[in-house]
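Worksheet: one structure, shown below.
The values are calculated or read from the model by the stated rules, or taken from the named source; none is laboratory data. In this text, all values refer to a predicted model and were calculated from it rather than measured experimentally. When we count neighbours, we look across all protein chains shown, and the Cβ atoms used for this are built from the backbone with ideal geometry, even at glycine.
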Amino acid sequence: MTLTVEVRHQFGAFHLDASFVSSGRLTALFGSSGSGKTSIVNLIGGLVRPREGRIAIDGRVLVDTKADIFIPKHQRRIGYVFQDARLFPHLSIRQNLQYGRWFTAVAERVTDFDGIVGLLGLESLLDRKPNLLSGGEKQRVAIGRALLASPKLLLMDEPLASLDDARKAEILPYIERLRDEAKTPIVYVSHAISEVARLATDIVVMSNGRVLASGAARDIMQRLDLIPAGERGETGAVIDMVMASYDDAFDISVLRSAAGDIRTPGKASAIGERLRVRIRARDVMIAMEKPRGLSALNVLEGTVVQIGETSGPLVEIRLMCGGEAVISRITRQSLHVLQLHTGMTVFAVVKTVSFDAGNVSPGVNAGLLE
C-alpha cells in the first residue's frame, strides 16, 4: 500500500501544509500536540474536505481539488479508531463487532470474524457489555469493529492516550500483531516516541502544520534534532536483531546483529525470532578501550562518524558498529576529555538493565528464521 498525501487547509488560525508518501505497514504521524497529526488523519478519513490538495491510496484518488474529486467518507473503505473506544453500551461485544460488517457489502467483506476475534484476543469477551471491560479491552474491541468493516486502511488517532501504563502494556502487543499479521495498513497518530519506536515501520514528523521529515523508522529515530526536547531521552538507534540464545541459569537472552551481541534480561523470545531493539542514546557510554571488570555486559566496537552540535552541555555522537548506527548522548566535557573525533575507534557500552519490555519487541513480520 502506498499512501500519498499533499494537502493545504486552514483550521481557524492554524495553517496545515503537509506532503508525504509512505508505503509502510504502520506509518506513525508523530509530533507534539497541535502539530497537525489529527488534522491529517481527518483529511484522509474524509471528515474534512481540504481547501487544496490530493490524497490517494494505491493510486485510488480520494481527494483531488484540481480535478474536483472528493470521495465521501462512507465510500472510502477506511476504518477509524479514536482515543476513546466509542462502543455502543446497549450492545454486547459480539454485536459491537458485527456492527462494522453491517455497512459493508457482502462481496467486499474480506475479513473473517473468528480470525479478527482471535487476533485481538476477544474470545472471552463476546457476551459481555462494554461497561464490564477495561480500557484496553474496549480499545481492542474498537479496533476489531473497524477491521471487520474490511477497510483498505486503518486510522488510529492516539488510541492509547486515555489508558494508564498497565493498559497500554496490555494492548501494545495486539497492535504489533495487527501490524505484522493483518493485511490492513495502519496510519497511527502519537506524541509518545516510545510507542512510535516500538510500532512504526515508517514515521512522519510533524511540527506547526508541516512535515519536518518522513522515512523509515530506523532512520528517523536517529534524527534527534527532529524530536521535541521532552521526548529526546527516549530516542536513539533502532536495530533489527535475532534471538541467538538464552541462559537459563542467569535468565539472560543474547540478541545478535551486525552491530554485535546484546544481552537483555529475561527470555526475549524463541530462538531465531526477529526482534526490534531500541538502544537509547542516553543509555550508551563511550570507552576508548574495551572495558574489563565492568558490570555492563554489552560492549559494541564502532567508529565515530559524526559529532553533533557542541554549543550546549550535551552532545550526540554517532557511531557505526558493523554497519549499524548507534547514537550516544554524552556531556560536552566528556567529549573534551576523551578528545573524540571522526574516524576514531571506540567502544559503546550499554547496561543490560536498559533493555526493558519497551525497548525489545517483536520485529516487523516477526517469525523464526529459516
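Any idea which of (1) in contact with a Gly (Cβ under 9 Å, 6 or more places away or on another chain); (2) surrounded by 19 or more Cβ atoms within 10 Å (Cβ to Cβ); (3) in contact (Cβ under 8 Å) with a residue 60 or more places away in the chain is the one Ala357 doesn't satisfy?
Condition (2) is where Ala357 drops out.
Tell me yes or no: at least one residue of region 326-338 is part of a strand (DSSP E or B), under 23 Å from the mean Cα position of the chain (by Cα) and surrounded by fewer than 16 Cβ atoms within 10 Å (Cβ to Cβ).
At the first step, the residues of region 326-338 found to be part of a strand (DSSP E or B) are 326-331.
Of the ones still in play, those that are also under 23 Å from the mean Cα position of the chain (by Cα) are 326-329.
If we keep only those that are surrounded by fewer than 16 Cβ atoms within 10 Å (Cβ to Cβ) as well, we get none.
No, there is no match, as no residue in region 326-338 is part of a strand (DSSP E or B), under 23 Å from the mean Cα position of the chain (by Cα) and surrounded by fewer than 16 Cβ atoms within 10 Å (Cβ to Cβ).
It is to be established whether one or more residues within region 70-91 are of a type in the set (Val, Ile, Thr) and surrounded by fewer than 21 Cβ atoms within 10 Å (Cβ to Cβ).
Checked region 70-91: at least one residue is of a type in the set (Val, Ile, Thr) and surrounded by fewer than 21 Cβ atoms within 10 Å (Cβ to Cβ).
With the requirement that a residue be more than 28 Å from the chain's Cα centre (by Cα), within 19 Å of Val81 (Cα to Cα) and assigned to a loop (DSSP other than H, G, I, E, B), what does region 91-125 give you?
Matches in region 91-125: Leu91, Ser92, Phe103, Thr104.
Conditions (1) in a loop (DSSP other than H, G, I, E, B); (2) surrounded by 19 or more Cβ atoms within 10 Å (Cβ to Cβ); (3) in contact with a His (Cβ under 6 Å, 6 or more places away or on another chain), marked per residue:
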{"position": "Asn131", "(1), (2), (3)": "no, no, no"}
{"position": "Pro151", "(1), (2), (3)": "yes, yes, no"}
{"position": "Leu154", "(1), (2), (3)": "no, yes, no"}
{"position": "Pro159", "(1), (2), (3)": "yes, yes, no"}
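Exactly one of (1) assigned to a strand (DSSP E or B); (2) touching a residue at least 40 places away in the same chain (Cβ under 8 Å); (3) under 18 Å from Met221 (Cβ atoms); (4) in contact with a Gly (Cβ under 8 Å, 6 or more places away or on another chain) is unmet by Arg282. Its number?
So the condition that Arg282 fails would be (1).
Give just the number: which of (1) of a type in the set (S, T, N, Q); (2) under 25 Å from Gly308 (Cα atoms); (3) touching a helix residue (DSSP H, G or I) at 6+ places or on another chain (Cβ under 8 Å) does Thr264 not satisfy?
Answer for Thr264: the failing condition is (2).
Is there any pair with a first residue in region 171-188 that is in a loop (DSSP other than H, G, I, E, B) and a second that is crowded, with 18+ Cβ neighbours inside 10 Å whose Cβ atoms are under 7 Å apart and which are 6 or more apart or on different chains, and what are they?
Pairs found: Ala182/Leu119; Ala182/Leu147; Thr184/Leu147; Thr184/Pro151; Thr184/Leu153; Thr184/Leu154; Pro185/Arg25; Pro185/Leu153.
Looking at Ser134, Ser162, Ser245, which one is at pLDDT 95 or above and of a type in the set (S, T, N, Q)?
Unique residue meeting the criteria: Ser245.
Could you check how many residues of region 190-210 are farther than 15 Å from Leu3 by Cα and assigned to a strand (DSSP E or B)?
Residues that pass the stated criteria total 5.
Can you tell me which of Gly100, Gly144, Gly115 is in contact with a Lys or Arg (Cβ under 7 Å, 6 or more places away or on another chain) and modelled with pLDDT under 95? Walk me through how you get there before you give the answer.
Numbers: Gly144 fails: in contact with a Lys or Arg (Cβ under 7 Å, 6 or more places away or on another chain); Gly115 fails: in contact with a Lys or Arg (Cβ under 7 Å, 6 or more places away or on another chain).
Criteria check complete, one pass: Gly100.
Please specify each residue of region 1-32 satisfying the condition of being in a strand (DSSP E or B) and among the basic types (Lys, Arg).
The answer is Arg8, and nothing else.
Got a sec? Which of Glu301, Glu309, Glu316 is at pLDDT below 95, part of a strand (DSSP E or B) and either in contact with a Ser or Thr (Cβ under 6 Å, 6 or more places away or on another chain) or farther than 30 Å from Glu181 by Cα (or both)? Outline the logic, then answer.
On the way: Glu301 fails: at pLDDT below 95; Glu309 fails: part of a strand (DSSP E or B).
Just a single option satisfies the conditions, and that option is Glu316.
Just to be sure, is Ser214 surrounded by fewer than 24 Cβ atoms within 10 Å (Cβ to Cβ), in contact with a helix residue (DSSP H, G or I) (Cβ under 7 Å, 6 or more places away or on another chain), outside any loop (DSSP other than H, G, I, E, B) and in contact (Cβ under 8 Å) with a residue 12 or more places away in the chain?
Spelling it out, it is not the case that Ser214 is surrounded by fewer than 24 Cβ atoms within 10 Å (Cβ to Cβ), in contact with a helix residue (DSSP H, G or I) (Cβ under 7 Å, 6 or more places away or on another chain), outside any loop (DSSP other than H, G, I, E, B) and in contact (Cβ under 8 Å) with a residue 12 or more places away in the chain.
For the subset of region 22-57 comprising residues that are within 30 Å of Glu181 (Cβ to Cβ) and free of Cβ contacts under 8 Å to residues at least 60 places away in the same chain, which member is surrounded by the fewest Cβ atoms within 10 Å (Cβ to Cβ)?
Result: Leu47.
With surrounded by fewer than 18 Cβ atoms within 10 Å (Cβ to Cβ) and either of a type in the set (Gly, Ala, Ser) or farther than 29 Å from Ile279 by Cα (or both) as the only criterion, which of Gly144, Gly121 stands out?
Result: Gly121 is the single residue among Gly144, Gly121 that is surrounded by fewer than 18 Cβ atoms within 10 Å (Cβ to Cβ) and either of a type in the set (Gly, Ala, Ser) or farther than 29 Å from Ile279 by Cα (or both).
Please pick out the residue among Thr235, Thr303, Thr310, Thr264 that is surrounded by 15 or more Cβ atoms within 10 Å (Cβ to Cβ) and either assigned by TED's automatic domain parsing to the domain that holds Ser33 or under 16 Å from Ile327 (Cα atoms) (or both). Steps first, answer last, please.
On the way: Thr303 fails: surrounded by 15 or more Cβ atoms within 10 Å (Cβ to Cβ); Thr310 fails: surrounded by 15 or more Cβ atoms within 10 Å (Cβ to Cβ); Thr264 fails: either assigned by TED's automatic domain parsing to the domain that holds Ser33 or under 16 Å from Ile327 (Cα atoms) (or both).
Within the list Thr235, Thr303, Thr310, Thr264, the selection yields Thr235.
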